[in-house]
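The numbers here are math on the coordinates, done by the rules we state, and not lab data. Values in this document were obtained by computation on a predicted structure and should not be read as measured data. Cβ coordinates were reconstructed from backbone atoms using ideal geometry, including for glycine residues, and neighbour counts include every protein chain displayed.
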Amino acid sequence: MSSSRAVRSSLIEVREAWATARASVVSGEVVRRTADGELFVDHPRNALGPLPARTLIEDVQEGATVLLAFDQGNPALPIILGILYDRARAQSRTLHLKASRILLEAQDELLMRCGEAAFEARKDGKVQVKGRDVVSRAVRTNKVRGATVLIN
């Protein structure tokens, strides 16, 4: 292909990308996520290669299918509007978290419940573990400490 044809072809692709960006939102994919959280996206009509993207949602992982809009219609400025799923979640579902550290933080109260069991931590420092049967096991030492320890 001659040089002028290649340039014309590239210009047509860029014009199509601009038209797509101005006319609608598109679905795309997060193709890269850097260690500091910068996201790069691509979509089928993109002639520019992976593009750095801003996002409305915090927890976006590499490989996620996302809905993209473009700032001021500029195809080089994608904004992730949300994550796209193939179907709605079923009623019973599992939340799987895997990380080197997980922080759950609540302003006033943290409560976890499952059937008759509950764990409650309050702002004033009070922690309650409730259950029909509560078992505490340790391979080594199992310590109970406090200014006062009441048993029964």
If Lys and Arg each add +1 and Asp and Glu each add -1, what is the summed charge of the other residues whose beta carbon sits under 13 Å from the beta carbon of residue 40?
-2
Label model pair residue 104, residue 133: point-to-point distance (7 angstrom along the Cα→beta-carbon line) in nm is 2.3 nm
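Of all trypsin sites (Lys or Arg not before Pro) in the stretch 84-152, which ones are in loop regions per DSSP and have a Cβ with at most 11 other Cβ atoms within 10 Å?
Values: sites: 87, 89, 93, 98, 101, 113, 122, 123, 126, 130, 132, 137, 140, 143, 145; in loops: 87, 89, 93, 98, 101, 123, 126, 132, 137, 140, 143, 145.
When the trypsin sites (Lys or Arg not before Pro) of the stretch 84-152 are filtered for loop state and at most 11 Cβ neighbours within 10 Å, 87, 89, 93, 98, 101, 123, 126, 132, 137, 140, 143, 145 remain.
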Spin-label point model (7 Å from Cα, Cβ direction): what's the residue 152 to residue 54 distance in nm?
6.6 nm
Around residue 31, which amide H atoms from residues at least 5 apart in sequence, or from another chain, sit under 5 Å from its own amide H, with H modelled in the peptide plane?
40, 41, 42, 63
Based on the alpha-carbon gyration tensor of the stretch 47-107, what equivalent-ellipsoid semi-axes (square roots of 5 times the eigenvalues) come out, in whole Å, largest first?
28, 16, 12
